[in-house]
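**Q** Okay, here's the structure, questions in a sec.
The values are calculated or read from the model by the stated rules, or taken from the named source; none is laboratory data. These numbers come from a predicted model, not from an experiment. Reconstructed Cβ throughout: ideal geometry from the backbone, glycine too, with neighbour counts over all protein chains shown.
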Amino acid sequence: MIDQDRILKIDIKQEMQSAYIDYSMSVIVARALPDVRDGFKPVHRRVLFGMDKLGNTSDKPYKKSARIVGDVLGKYHPHGDSSVYFALVRMAQPWSLRYPLVDGQGNFGSVDGDSPAAMRYTEARLSRIAEEMLRDIEKDTVDFTPNFDNTLEEPTVLPTRIPNLLVNGASGIAVGMATNMPPHNLSECIDASVALIDDRELTVEDLMQYIKAPDFPTGGIIYGFAGVKDAFETGRGRIVIRAKAEIEVDSSTGRETIVVSEIPYAVNKSELIKKIADLVEEKRLEGISNINDESDRAGMRIVIEVKRDANASVILNKLFKMTDLQSSFSVNNIALVNGRPQTLNLKQLLEAFVDHRHEVVIRRTRFDLAKAEERAHILEGLIIASDHIDEVVKLIRSSRTREEAKTRLMERFSLSEKQAQAIVDMRLGQLTGLDQDKLRNEYAEVEKMIAYYKEILADESVCMKVVKDELLEIKEKYGDERKTEIIYSSEEF
């Protein structure tokens, strides 16, 4: 009896272990960690794909957020509506994402930590840069999988033209692991990708000549480079970020004020001001007479007035030490590679993106080639028909049914069923002399395209040139200057 109890307990324990492992893997793969190729978790991918399918693009009017969320929930995302809406909101916040993927209209929260308005009040559409992540998705460039009720299909990854995981970063807490990746500058990431395409032997140190450091949407100053170097080389590191603060002196009174124009990434502005006020009230920080938040649409401006007998530089250093005017960002580059979580350095992240783009271009070219060959085949039939126009007209008119006309055309001119169908469907006016020239010109163009597609598929260097050209086009369209400065600390010089 005792043995049976022990066996039962062991069985239950093993079942619980197995169930917990299954649960943790589902959280890791299906919810919490981004895919290394497009940098998205499933919820973000589903929101963007759902908006694309709704026709909610940057050149169309905004749609109510509630409609977008409802569509994504009904079709692709079998979880709560709040997870979908908050994913949509975050992608629209310019202080959360370096390059926002959603163009929002209405109250989408603020850098002070205010909540966004309810989804029935806000409107959204895809931003132009988000459309580059979905471009060519209809050309069999990525794999699709059935949705939760097997009625529709959704993409397993997006055919993104942007190294989104590096550019916008990611954060997520899974079971037993977490990811926390900082955003970077698009121009720098594309320059590094192009350099890697030209020379696959480049080291992390070589790539750091292109990508200097993370580039946060809220600006600020990266103070010290050791953490950045660790993060790029190992996938883990601690980056210290300082607010951008200047000391202004009133020429008439000689009084000093500290003016903060940029704060560290993910710091709540109103909480920061409250913390400084609390320190002054508790007498832990002396020398400050007043704090004003003068931020407006033009930008951030926190004014800290210093007492006459105090030294602004000393107070600023104390503020860095005691408040979030200096904070740290712990980098943990964990992403899914072939469905498995992996810690990645800078080179591995760029390689994964370049390989993904290579595969997308190959698959797109195969799709375009098949379509071009299909069109060439039809054009060959139409050209034969235009060369024997009188006989074709006579043959079709003397046939009792369309099927009989098709069969006779196929027998007389050795045509395929598709070619015969195209001739039967054609209007008589299209077989005139003018349209004969058009047909021949189109056929010559299609033949050129077929030769080009075949060249891309046969020659790796031609394919990589296409990848490179498309990346440089993205840089031309959306590239910008760095927002975050880098100051090397004294011991690193």
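**Q** Restricting to region 278-322, what's the tally of residues that are under 41 Å from the mean Cα position of the chain (by Cα) and under 16 Å from Ser261 (Cβ atoms)?
**A** 17
**Q** If you don't mind, there's one more thing I want to ask. Of everything in region 163-173, what is of a type in the set (Val, Ile, Thr) and modelled with pLDDT under 95? Give them in sequence order.
**A** Of everything in region 163-173, just one residue is of a type in the set (Val, Ile, Thr) and modelled with pLDDT under 95, namely Ile173.
**Q** Further question on the same structure: Exactly one of (1) crowded, with 16+ Cβ neighbours inside 10 Å; (2) within 16 Å of Ala192 (Cβ to Cβ) is unmet by Cys463. Its number?
**A** Condition not satisfied by Cys463: (2).
**Q** Okay, moving on. Check Asp143 against each of (1) more than 18 Å from Leu336 (Cα to Cα); (2) modelled with pLDDT of 95 or more and name the one condition it does not meet.
**A** (1)
**Q** Hey, among Lys139, Lys229, Lys244, which residue is surrounded by 15 or more Cβ atoms within 10 Å (Cβ to Cβ), touching a Phe, Trp or Tyr at 6+ places or on another chain (Cβ under 9 Å) and among the basic types (Lys, Arg)?
**A** Sole residue among the options that is surrounded by 15 or more Cβ atoms within 10 Å (Cβ to Cβ), touching a Phe, Trp or Tyr at 6+ places or on another chain (Cβ under 9 Å) and among the basic types (Lys, Arg): Lys139.
**Q** Among the residues in region 82-94, are any in a helix (DSSP H, G or I), surrounded by fewer than 20 Cβ atoms within 10 Å (Cβ to Cβ), touching a His at 6+ places or on another chain (Cβ under 9 Å) and of a type outside the set (D, E, K, R)?
**A** Yes, that holds for at least one residue.
**Q** Do we find a residue being surrounded by 16 or more Cβ atoms within 10 Å (Cβ to Cβ) and of a type in the set (Ser, Thr, Tyr) anywhere in region 403-414?
**A** No.
**Q** What number goes with the only condition from (1) part of a strand (DSSP E or B); (2) over 26 Å from Asp215 (Cα atoms) that Val280 does not pass?
**A** Only one criterion is unmet by Val280, namely (1).
**Q** Which one is surrounded by the fewest Cβ atoms within 10 Å (Cβ to Cβ), of the residues in region 199-224 that are over 19 Å from Leu344 (Cα atoms) and of a type outside the set (Val, Ile, Thr)?
**A** Asp199
**Q** Given the options Ala385, Ala372, name the one that is more than 14 Å from Phe413 (Cα to Cα) and in the same structural domain as Phe413 (by TED's automatic domain parsing).
**A** Ala372
**Q** For region 466-493, enumerate the residues that are surrounded by 13 or more Cβ atoms within 10 Å (Cβ to Cβ) and in a helix (DSSP H, G or I).
**A** Matches in region 466-493: Val466, Val467, Lys468, Glu470, Leu471, Leu472, Glu473, Ile474, Lys475, Tyr478.
**Q** Considering only residues that are of a type in the set (A, V, I, L, M) and assigned to a loop (DSSP other than H, G, I, E, B), look in region 95-104 and name the one that is farthest from Ile68 (Cα to Cα).
**A** Leu97
**Q** Which residue, of Gly39, Gly55, is buried (at least 22 other Cβ atoms within 10 Å of the Cβ) and modelled with pLDDT of 70 or more?
**A** Residue meeting the stated conditions: Gly39.
**Q** Mind listing whichever residues of region 265-289 are loosely packed, with under 13 Cβ neighbours inside 10 Å and at positive phi?
**A** Lys283
**Q** Restricting attention to region 315-353, and to residues there that are aliphatic (A, V, I, L, M) and assigned to a helix (DSSP H, G or I), which single residue is farthest from Leu272 (Cα to Cα)?
**A** For region 315-353, the residue satisfying everything is Ala352.
**Q** If I filter region 264-274 for residues that are modelled with pLDDT under 95 and over 36 Å from the mean Cα position of the chain (by Cα), do I get at least one hit?
**A** no
**Q** Suppose we filter Ala352, Ala310 for residues that are small (Gly, Ala, Ser) and closer than 20 Å to Gly237 by Cβ; which single one remains?
**A** Among Ala352, Ala310, only Ala352 is small (Gly, Ala, Ser) and closer than 20 Å to Gly237 by Cβ.
**Q** Restricting to region 340-363, name every residue that is under 18 Å from the mean Cα position of the chain (by Cα) and within 20 Å of Thr141 (Cα to Cα).
**A** Correct list: Leu350, Glu351, Ala352, Phe353, Val354, Asp355, His356, Arg357, His358, Glu359, Val360, Val361.
**Q** Determine if region 105-122 includes at least one residue that is in contact (Cβ under 8 Å) with a residue 24 or more places away in the chain, part of a helix (DSSP H, G or I) and either closer than 28 Å to Pro214 by Cβ or not assigned by TED's automatic domain parsing to the domain that holds Tyr265 (or both).
**A** No, the conditions are met nowhere in region 105-122.
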